[in-house]
There are 2 protein chains.
Amino acid sequence: MKSSERGARAHQMFLGHQDRIVDALQALDPSHPFREDSWDREGGGGGRSRVLEGGDILEKAGVNVSCVFGELSEAFAAQLPGTGRSFMATGVSLVLHPRNPHAPTVHANFRYLEKGEDAAWFGGGGDLTPWILYEEDARHFHDVWRQACGRHAVADHTAFKAACDRYFHIPHRGEARGIGGIFFDYMGLEPPKGISADLAEAERFVDDAAGCFLGAYLPVLEKRKDASFTEEERDWQLVRRSRYVEFNLVYDRGTVFGLKTGGRTESILMSLPNEVRWRYDMSPRPDSYQSRLVEVLREPVDWLDR
Amino acid sequence: MKSSERGARAHQMFLGHQDRIVDALQALDPSHPFREDSWDREGGGGGRSRVLEGGDILEKAGVNVSCVFGELSEAFAAQLPGTGRSFMATGVSLVLHPRNPHAPTVHANFRYLEKGEDAAWFGGGGDLTPWILYEEDARHFHDVWRQACGRHAVADHTAFKAACDRYFHIPHRGEARGIGGIFFDYMGLEPPKGISADLAEAERFVDDAAGCFLGAYLPVLEKRKDASFTEEERDWQLVRRSRYVEFNLVYDRGTVFGLKTGGRTESILMSLPNEVRWRYDMSPRPDSYQSRLVEVLREPVDWLDR
């Protein structure tokens, strides 16, 4: 399988979102240029990574598009829908780590997969990881996704919000990575035949959702990027970032799968913050901004109905 | 299974090594006291963690003893020798992260396990992770382990050195975590009956090897701890530490198993450095101390015959 018509179109769609998102981020933070790396994958396909490090506003920002194809291992193929081992996958994936501890880190990913001749689906989502909680930011972020879901019959916001809370959970910490967003997978797949009529609707939803990312995040970043902050707040951000790393390296399916199957390491680990601290047995003071954050990470919150 | 006579004796032996090692480290770096935490495990047993953070010489040091027992999950029990699901495990585990980039990070672990009525074994090892390579330090470290192995018929230094190189490999980086040492497992186990005559010899070897740790590492630390260093060298250390984190969170069996089965998170992650940097696609300048380090991490080196 090289690329179906829909696969090629999805790849172009994701490249377009990458261009648009990177342009907006670069306009916001012109201090350093995004660096672009195009790379080839040995088994087939490749990608285009764009990374900014050390910016005034964006301490680290990575926006990746990849389009890969080939043969899956027997073991991995068995875990996915569809017959056979041939596959193609394309997607856009981004993580932004602002410098200011009042501004949250954000992640989003939208992808399209085909396996064998009979299975194809979309997946993706976006989630927010604040260090200092502003409920209005959480509400805004969730509201944009709810509106996007509301425009498409294939998108069930309640289910996607719950799936996001389930996915970004760090069991060994008893906490979520952040305050959630949406997460969905296997959209447009109708077993056992696979390619369903909904696939076209799924494509429209994913295009719309990827197009909503900037609206979900930029207003929050713009509001927080110039806030004054203390050394203690900065330290809290760096220490909390360690949990972001823990989630990504221990639990994140894309990261672990990518690393263990020969993906491009630098593009996969682009998601990790550039500056991180681990501290032994840290517990936040009661009634502090630190404990207020930890509290909302322990149990999922319905931000739009709070 | 609560604890056999040998299990109780091994636990006491490991507590003794913890005392001795912590005393020596505290004497070397009296700037901050080691903090002690005793903890209980829900399923049975517990541990005694000793941690120093922010010391003048030891930026972070953790020396843990645990002794746990109970029932393994069906799936995990099937992966280990011995019948049934009951187990006990005790061990001492330590990681030291000196502040000075000329001084290497070090890890050591010695443990004893029993499973069911018919299997018991020792395991462990020690390995060194320099940031700036001093070949004489590498030779000294390896030489101490070779001498320890030479004193015991159960210990095959060549095999243990090779096992260490295999274990501390980071496939997604194509590099070893450090310059090795020794690694051994299932020592004293003679399938299918399990408890072999060698177990007593294994116990003597492990006691001797744990007793050698300070001799293997302290002379190196003492030689490097006061070396003057540049900002660039410090940065290199912090960036390279990210690979230490990657190994521990993605591949280390003890870490991943511990986190996923409800071990005490703070004691498990005590191994992670307190200050870490990730940098996108960093390649060291040719003919630099950075590239010399990376070179010896790409292919195992026979340090004692170089």
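Just so you know, all these numbers are worked out from the coordinates, no wet-lab data involved. All values derive from a computational prediction rather than experimental measurement. All Cβ positions, glycine included, derive from the backbone under ideal geometry; neighbour counts span all protein chains shown.
Using C-alpha pairs below 8 Å separated by at least 6 residues, the relative contact order for chain A is 17 percent. The gain in end-to-end length when the B:Glu5 to B:Glu231 segment is fully stretched comes to 76.1 nm, 0.36 nm per residue minus the alpha carbon separation. Cα-based values for the range A:32-124, radius of gyration first and Dmax second, are 16.5, 49 Å. Peptide B:50-62 is shielded by partner chain Cβ atoms: per residue, an average of 1 of them sit within 10 Å of its Cβ. Under Stokes-Einstein, with the Kirkwood radius over Cα pairs as Rh, the value for the range B:169-306 at 20 °C and 1.002 mPa s is 117 µm²/s.
Working note: Cα atoms of the protein assembly as shown, range along each principal axis, descending, whole Å: 72, 54, 52. Structural descriptor for the range A:43-125: relative contact order 26 percent, calculated from alpha carbon pairs under 8 angstrom and at least 6 residues apart. Across the range A:98-196, the mean sequence separation of Cα contacts (distance under 8 Å, 6 or more residues apart), normalised by length, yields a relative contact order of 33 percent. Report summary: the helix-based calculation at 222 nm, which adds -39500 (n - 2.57) for every DSSP H run with n ≥ 4 and divides by the residues of chain B, gives -12500 deg cm²/dmol. Peptide A:91-98 has a mean shielding of 0, counted as Cβ atoms of other protein chains within 10 Å of each residue's Cβ.
Note that the range A:278-284 has calculated 3J(HN,Hα) couplings of 9, 10, 5, 6, 7, 10, x Hz, one per residue in order, obtained from phi through the Karplus relation 6.51 cos²θ - 1.76 cosθ + 1.60 (θ = phi - 60°); glycine and proline are x. Relative to the longest principal axis of the Cα atoms of chain A, the long axis of helix A:231-246 lies at roughly 30 degrees.
Cα centroids of the range B:229-306 and the range A:87-158: 31 Å apart. If R0 is taken as 51 Å, the Cβ-Cβ distance between B:Ala200 and A:Arg253 corresponds to a FRET efficiency of 0.65. Note that the range B:214-223 has calculated 3J(HN,Hα) couplings of 4, x, 6, 9, 4, x, 5, 4, 5, 6 Hz, one per residue in order, obtained from phi through the Karplus relation 6.51 cos²θ - 1.76 cosθ + 1.60 (θ = phi - 60°); glycine and proline are x. Note on A:266-275: average number of Cβ atoms from other chains within 10 Å of each residue's Cβ is 4.
What the phi angles of the range B:112-117 give under the Karplus curve with 6.51, -1.76 and 1.60, with θ = phi - 60°, is a coupling list of 9, 10, 10, 9, x, 9 Hz, glycine and proline written as x. With distances taken between every two different alpha-carbon atoms, chain B has a Kirkwood hydrodynamic radius of 19.8 Å.
Of the peptides A:233-244, A:161-172, A:55-66, B:152-163, the ranking by mean beta-carbon count within 10 Å, highest at the top, reads A:55-66, A:233-244, A:161-172, B:152-163.
Here the label points at A:Thr261 and B:Phe76, each 7 Å from Cα along the C-beta direction, are separated by 2.7 nm in the simple model.
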